[in-house]
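Participant: What follows is a single structure, and I will ask about it in a moment.
The values are calculated or read from the model by the stated rules, or taken from the named source; none is laboratory data. Model, not experiment: these values are computed from the prediction. Cβ placement follows ideal geometry from the backbone for every residue including glycine, while neighbour counts extend to all protein chains displayed. The protein model used for the area step is the full one, side chains on, heavy atoms only, and it has no ligands, DNA or RNA in it. Shrake-Rupley method; radii C 1.70, N 1.55, O 1.52, S 1.80 Å.
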Amino acid sequence: MKVIGGTGSQTVNVAADGTGLSSRAGTALLPFMATRLGLTDGLCAALEGTHERRSGHDPGRVFCDLAVVLADGGRCVSDLAALAGQPSLFGAVASVSTARRVMLSISEKELDRIRRARAVARERAWVAGASPERVILDFDATPITSHSEKEGAAGNYKGGFGFNPLLVSCGREVLAGILRPGNAAAGNSDDHRRCLELALEQLPQGALDGEILARADSAGASHEFAWACRETDIRFSLGYAIKQSTRRAILALSKHAWRPALNADGEDRDGAWVAELTDIVSLAGWPEATRLICRRERPHPGAQLTFTDLDGHRFQCFITDQQGEDIAALEVLHRGHAQVEDRVKTLKATGASHLPFGAFAANAAWLELALTAHDILIHTQQLVLDGEHAICEPKRLRYRILHVAGHLTRHARRLTLHLPADWPWAGAVMRAFRRLQALPAYG
């Protein structure tokens with residue numbers, strides 16, 4: 001084998017005679033975190049009824065191992081073999097056929113129990129320091145492509161074929177999601193209300209007692225969803241489609257009605273303004289105190305205007321029942337809804353980009369598995385990693401932290417995981433393990 005190094009080529013002899021070696025030493029942080037937060041035990045209790053043989057693998061532990069595989073970069077059940085091949089670090093891992101049977105045995109009843117286990121672990125993670133600064137629920141749908149005929153797969157609005165799940169995020173976490181056919185309506189109010197219920201069930205009691213804001217694009221702007229927020233004492237900020245009456249109201253505004261829009265840092269944004277349309281546009285059917293706010297901006301060079309854009313400006317509207325005279329601040333807060341795209345991208349990087357089963361129920365269980373994997377990965381970043389590794393994308397985290405090689409040795413009844421001395425991020429991995437040991441143990 002020719003290996004190209006900095007000093008030229010050299011011949012390397014290869015022998016498969018190592019013991020206690022692991023190509024995923026950092027990945028051990030993930031199952032340890034799940035155990036530390038009590039998630040593993042919670043999943044074992046949730047799937048207890050699906051246990052076929054007392055001598056077999058616990059279904060809850062199999063489900064947790066699969067979640068670790070997805071957080072580690074796996075895309076299907078057969079990728080579980082990557083953990084099974086390293087028993088010195090990950091212990092006894094179920095076979096692929098056993099893991100597949102576990103996934104196929106999960107019904108709606110088990111899904112509810114899995115969600116409860118996730119909620120309990122989340123509460124413990126938030127107590128340990130993973131809670132967001134403010135509880136804001138961001139709703140968004142995302143297409144998932146299916147390359148074969150599967151139950152529930154259908155054409156979507158983007159011209160693709162597959163599924164169209166609806167998701168809810170809070171901070172860096174994706175709290176809940178429901179799997180839907182590809183042709184599911186983007187503005188289905190029943191789906192939004194169902195997701196709202198699932199998201200609230202994921203929040204600790206302390207968060208439920210505080211102020212909560214629900215944000216969505218225009219697909220979530222329905223009377224039914226707004227009233228559901230009002231009934232649960234949740235504020236809303238929803239995109240609002242510009243109709244002909246709204247366009248006329250915008251044109252009727254005087255130049256003094258517009259005030260400068262703000263950047264995320266609170267400074268005036270050049271070429272953007274906001275105005276309130278509440279008193280000149282009918283908002284019949286919306287909850288009392290609903291406000292309509294419009295944003296006007298000059299499009300960036302090369303951007304294409306649509307028929308709803310007027311006088312060379314781009315217009316966007318949203319409705320909200322938040323109070324306050326600073327409408328520019330409200331508009332900045334609503335614009336923060338765009339961060340849900342990053343949450344969706346991260347969730348897809350932890351298994352949600354591919355639904356491997358033919359049955360709709362099994363794929364719904366897979367989506368919940370991806371949510372569990374996302375929880376484990378984000379809580380690991382937030383609680384034991386620092387610097388850029390606490391916020392980086394899964395790909396960089398895997399290259400630097402999770403997929404570092406290690407050597408496991410046993411001496412005097414103690415296990416030691418040896419990392420490469422010249423690995424640039426060995427210190428970050430060691431600090432993560434020390435912080436993990438310092439966390440309260442619920443498992």
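Participant: Spelling out what I want: for every residue of segment 340-350, take phi, set θ = phi - 60°, compute 6.51 cos²θ - 1.76 cosθ + 1.60 (Karplus), and round to whole Hz; glycine and proline get x.
Facilitator: So the Karplus estimates, Gly and Pro as x, are 4, 4, 5, 5, 5, 4, 5, 4, 5, 6, 10 Hz.
Participant: Let me ask something else about it. Can you list the lysines whose alpha carbon is less than 29 Å from that of residue 109, not counting same-chain residues fewer than 8 positions off?
Facilitator: Filter leaves 150, 345, 348.
Participant: So, one more: Among 165, 299, 143, determine the one that fluctuates most according to a GNM of the chain built with springs between C-alpha atoms less than 10 Å apart.
Facilitator: Result for the chain, Cα springs under 10 Å: 299 fluctuates most.
Participant: Here is a further query. Going through segment 29-116, which trypsin sites (Lys or Arg not before Pro) have at most 15 other Cβ atoms within 10 Å and a DSSP loop state?
Facilitator: Those satisfying the criteria are 53, 54, 75.
Participant: Rounded if a/c is under 1.5, else prolate if a/b beats b/c, else oblate: with a ≥ b ≥ c from the C-alpha gyration tensor eigenvalues square-rooted, which is segment 12-130? It would help to have the intermediate numbers written out before the result.
Facilitator: Details: a/c = 2.35, a/b = 1.41, b/c = 1.66.
Judged from the Cα gyration tensor, segment 12-130 comes out oblate (a/c at least 1.5, b/c at or above a/b).
Participant: Continuing with this model, one more query. Measure nothing fancy, just the Cα-based angle from helix 426-438's long axis to the longest principal axis of the chain, in degrees from 0 to 90, nearest 10.
Facilitator: Roughly 90 degrees, rounded to the nearest 10.
Participant: Could you report the chain's accessible area per residue, 1.4 Å probe, as an integer in Å²? Don't jump to the answer; show the numbers that get you there.
Facilitator: On the way: 21380 Å² over 443 residues.
Heavy-atom SASA per residue in the chain reads 48 Å².
Participant: As I understand it, the value is the acute angle between the Cα axis of helix 108-125 and the longest principal axis of the Cα atoms of the chain; what does it come to in degrees, rounded to 10?
Facilitator: That helix lies at roughly 90 degrees to the long axis.
Participant: Also, quick follow-up: What FRET efficiency, computed as 1/(1 + (r/R0)^6) with R0 = 60 Å and r the Cβ-Cβ distance, is obtained for residue 279 and residue 148, rounded to the nearest 0.05?
Facilitator: For residue 279 and residue 148, the calculated efficiency is 0.65.
Participant: Something else about it: Once the Cα atoms of helix 360-384 and of the chain are each reduced to a long axis, what angle between those two axes, in degrees from 0 to 90 to the nearest 10, is obtained?
Facilitator: 80 degrees
Participant: Before anything else, pin down the relative contact order of segment 130-183: Cα pairs under 8 Å, at least 6 apart, normalised by residue count, whole percent.
Facilitator: Relative contact order of segment 130-183: 37 percent.
Participant: Taking springs between alpha-carbon atoms closer than 10 angstrom, which of 168, 62, 404 fluctuates most in the Gaussian network model of the chain?
Facilitator: 404
Participant: Right, here's the next one. Using only protein heavy atoms and a 1.4 Å probe, report how much of residue 230 is accessible, in Å² to the nearest 10.
Facilitator: Approximately 80 Å² for this residue.
Participant: Here's a follow-up. Residue 183 to residue 411: FRET efficiency via 1/(1 + (r/R0)^6), r the Cβ-Cβ distance, R0 45 Å, to the nearest 0.05? Let's see the in-between values first.
Facilitator: Working: r = 60 Å, r/R0 = 1.34.
So the FRET efficiency works out to roughly 0.15.
Participant: Using 0.36 nm per residue of separation minus the Cα-Cα distance, give me the extension gain between residue 96 and residue 158 in nm, one decimal.
Facilitator: Using 0.36 nm per residue and subtracting the Cα-Cα distance, I get 18.9 nm.
Participant: Can you give the relative contact order of segment 127-275 as a percent, counting alpha carbon pairs under 8 Å and 6+ residues apart?
Facilitator: It comes to 18 percent, rounded to a whole number.
Participant: Further question: Under the rule of -39500 (n - 2.57) per DSSP H run of 4 or more residues, summed and divided by the residues of the chain, what mean residue ellipticity at 222 nm is obtained, to the nearest 500 deg cm²/dmol?
Facilitator: Per the formula, -10500 deg cm²/dmol.
Participant: What distance in nm separates the two pseudo spin-label positions at residue 431 and residue 13, each 7 Å out from Cα along the beta-carbon direction?
Facilitator: Each label point is offset 7 Å from its Cα along the Cβ direction, giving 4.1 nm.
Participant: When the chain is modelled as a GNM with alpha-carbon springs shorter than 10 Å, which of 152, 85, 42 fluctuates the most?
Facilitator: Looking only at 152, 85, 42, the largest GNM fluctuation is found for 85.
Participant: Classify segment 91-230 as rounded, prolate or oblate, taking a ≥ b ≥ c as the square roots of the eigenvalues of its Cα gyration tensor: rounded when a/c is under 1.5, otherwise prolate if a/b is larger than b/c and oblate if not.
Facilitator: oblate
Participant: Expected output is a single nm value to one decimal: the length gained when fully extending between residue 208 and residue 256, i.e. 0.36 nm times separation in residues minus the C-alpha distance. What is it?
Facilitator: That pair, residue 208 and residue 256, stretches by 13.3 nm at full extension.
Participant: Taking only C-alpha pairs under 8 Å that are 6+ residues apart, what is the relative contact order of the chain in percent?
Facilitator: Relative contact order, the chain: 22 percent.
Participant: Could you look at segment 38-183 and say what percent of its accessible area is carbon and sulfur, using a 1.4 Å probe and all protein chains?
Facilitator: Reported share for carbon and sulfur atoms: 48 percent.
Participant: Another one. By the gyration tensor of its Cα atoms, with a ≥ b ≥ c the square roots of the eigenvalues, what is the shape of segment 346-433: rounded for a/c under 1.5, prolate for a/b over b/c, or oblate?
Facilitator: Taking the square roots of the gyration eigenvalues as a ≥ b ≥ c, segment 346-433 is prolate.
Participant: When the accessible area of segment 351-434 is computed with all protein chains present and a 1.4 Å probe, what percentage of it is carbon and sulfur?
Facilitator: On segment 351-434, the fraction of accessible area on carbon and sulfur atoms equals 56 percent.
Participant: May I ask you to derive the FRET efficiency for residue 235 and residue 342 from their Cβ-Cβ distance with R0 = 30 Å, giving the value to the nearest 0.05?
Facilitator: Once rounded, the FRET efficiency stands at 0.85.
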